[in-house]
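Below is one structure, written out as structure tokens; the observations come after it.
The values are calculated or read from the model by the stated rules, or taken from the named source; none is laboratory data. Everything numeric in this text was worked out from a predicted model, so none of it was measured. Reconstructed Cβ throughout: ideal geometry from the backbone, glycine too, with neighbour counts over all protein chains shown. Just the protein is used for accessible areas: all its heavy atoms, side chains included, with ligands, DNA and RNA removed. Shrake-Rupley method; radii C 1.70, N 1.55, O 1.52, S 1.80 Å.
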Amino acid sequence: MDDALVIKGIEFKSRLWIGTGKYKDFAETVKAVEASGADVVTVSVRRVNITDRKSENLLDYIDPKKYKILPNTAGCYTVDDALRYSRLAREAGVSDMIKLEVIGDERTLFPDTIGLLQATEILAKEGFIVFPYTNDDPIMARRLEDAGAAAVMPLGAPIGSGLGLRNPYNIKIILEASKVPVLVDAGVGTASDATIAMELGCDAVLINTAIAAAKDPLTMAAAMKHAVIAGRLAYKAGRMGRKLYATSSSPLEGMI
Amino acid sequence: MRLKVNGEEIDTAAATLLQLLQEKEIKPERVAVEVNLKVLKRVDFARRRLHEGDIVEIVNFVGGGSHG
């Protein structure tokens with residue numbers, strides 16, 4: 001069954017995308033990525049430690065030939081910073097893709113959508129494949145699409161909160177209106193949350209903390225892999241209608 | 001020559017950006033570099049001469065999904 005996700009000509013094998021933060025070490029990160037079956041991993045851009053050259057490079061563990069590297073602008077609070085980090089990420093030479101974050105507030109890490117829209121427009125014009133991390137606002141999703149976003153990534157709940165999809169109805173509205181792929185980014189807490197996102201019709205989900213902060217990250221990575229596949233298949237199969245009263249599964253004919 | 005590299009004042013004998021990376025034992029193919037807020041292409045590392053007081057930022061990828 002050919003059900004690959006294709007964005008801007010890039011084919012994605014898995015609909016589960018993985019963040020690489022908060023793991024114990026690089027070795028655990030790699031094992032979790034492998035267990036998840038993901039082929040997209042998102043990474044952050046930070047200063048090289050110039051005094052301790054023994055510190056290792058993530059790309060020595062996660063091979064850019066094997067995985068699609070999706071740099072992000074996590075930690076950027078202004079348009080200028082987000083542009084700066086994006087351009088540096090591109091020059092690091094592994095991808096034109098950027099998971100664009102312009103954060104508006106430290107406690108909630110909600111996006112500053114006005115800045116996000118400005119940055120999306122500029123980067124799309126510069127040829128970036130822009131994946132903006134946005135809120136669950138259908139109007140902003142449309143504006144981002146119009147500004148040249150390759151996909152939109154609405155949050156399910158605040159980053160790292162594990163609260164699941166707090167407004168599935170808005171996500172549904174975004175899905176109905178969007179001509180670009182929709183990926184839920186942030187909020188997934190456990191496997192069923194990922195399944196719910198996929199059952200709604202989302203094209204993929206991006207998960208970090210739910211795996212990294214699980215008691216057993218590798219087992220949770222495997223759980224998420226199956227959850228995303230299950231949700232996608234259920235979406236494609238089309239669920240039965242909800243009814244208030246029972247309908248017997250067994251025939252009445254032939255009863256004695 | 002004194003430079004500011006990743007926020008730290010350093011003394012260097014490096015004349016070019018590539019020499020600075022070599023001095024710091026940093027593999028050029030794994031990093032991106034900005035000098036005085038201008039992002040450089042990797043092919044220009046060898047040509048880019050450094051000057052007293054230049055502000056250099058050398059970055060690479062680290063683990064991170066979303067901020068926090």
| query | What does the charge dipole of region A:97-256 about its Cα centre add up to, to the nearest 20 debye, if the Cβ of each Lys and Arg holds +1 and the Cβ of each Asp and Glu holds -1? | reply | 520 debye
| request: Take every Cα-Cα pair in chain A and report what % of them are more than 35 Å apart. | output: 15 percent
| Based on the alpha-carbon gyration tensor of region A:176-256, what equivalent-ellipsoid semi-axes (square roots of 5 times the eigenvalues) come out, in whole Å, largest first? | 33, 19, 10
| query | Using a cut-off of 29 Å between alpha-carbon atoms, which lysines can reach A:Lys24, once sequence neighbours fewer than 8 places away in the same chain are excluded? | reply | A:Lys13, A:Lys54, A:Lys65, A:Lys66, A:Lys68, A:Lys99, A:Lys215, A:Lys225, B:Lys24, B:Lys27
| task | Mind grabbing the base-10 log of I(q)/I(0) for chain B at q = 0.14 Å⁻¹? Debye formula, identical points on the C-alpha positions, no solvent, two decimal places. | result | -0.41
| task | Over chain A, with every protein chain in place, what whole percent of the accessible area is carbon and sulfur at 1.4 Å, could you tell me? | result | 52 percent
| FRET efficiency, B:Asn36 to A:Lys125 (Cβ-Cβ, R0 22 Å, nearest 0.05) | 0.35
| said: Taking each residue in A:133-142, count the Cβ atoms of any other chain within 10 Å of its Cβ, then average. What number comes out? | reply: 0
| Over all Cα pairs of region A:1-90, how is the pair count split among 5 Å bins, expressed in % and running from 0 up to the last occupied bin? | 2, 12, 20, 21, 20, 15, 7, 2, 1, 0, 0
| query | Running Debye on region A:85-168 with equal point scatterers at the Cα sites and no solvent, what base-10 log of I(q)/I(0) appears at q = 0.18, 0.25 Å⁻¹? | reply | -0.74, -1.19
| query | Mean separation of Cα pairs under 8 Å and 6+ residues apart, divided by the residue count of region A:106-206: what relative contact order is that in percent? | reply | 24 percent
| query | For chain A, what does -39500 (n - 2.57) per DSSP helix run (n ≥ 4), summed and divided by total residues, give at 222 nm, in deg cm²/dmol to the nearest 500? | reply | -11000 deg cm²/dmol
| query | Per residue, how much accessible area does the protein assembly as shown show when a 1.4 Å probe rolls over the protein heavy atoms, in square angstrom? | reply | 49 Å²
| request: Could you please state how large a percent of the accessible area of region B:8-67 is carbon and sulfur, counting protein chains only and using a 1.4 Å probe? | output: 52 percent
| If the convex hull of the alpha-carbon atoms of region A:131-236 is projected onto planes in all directions, what is the mean projected area in square nanometres? | 5.8 nm²
| field | Accessible area that becomes buried as B packs against A, both chains, 1.4 Å probe, Å², nearest 100 | value | 3100 Å²
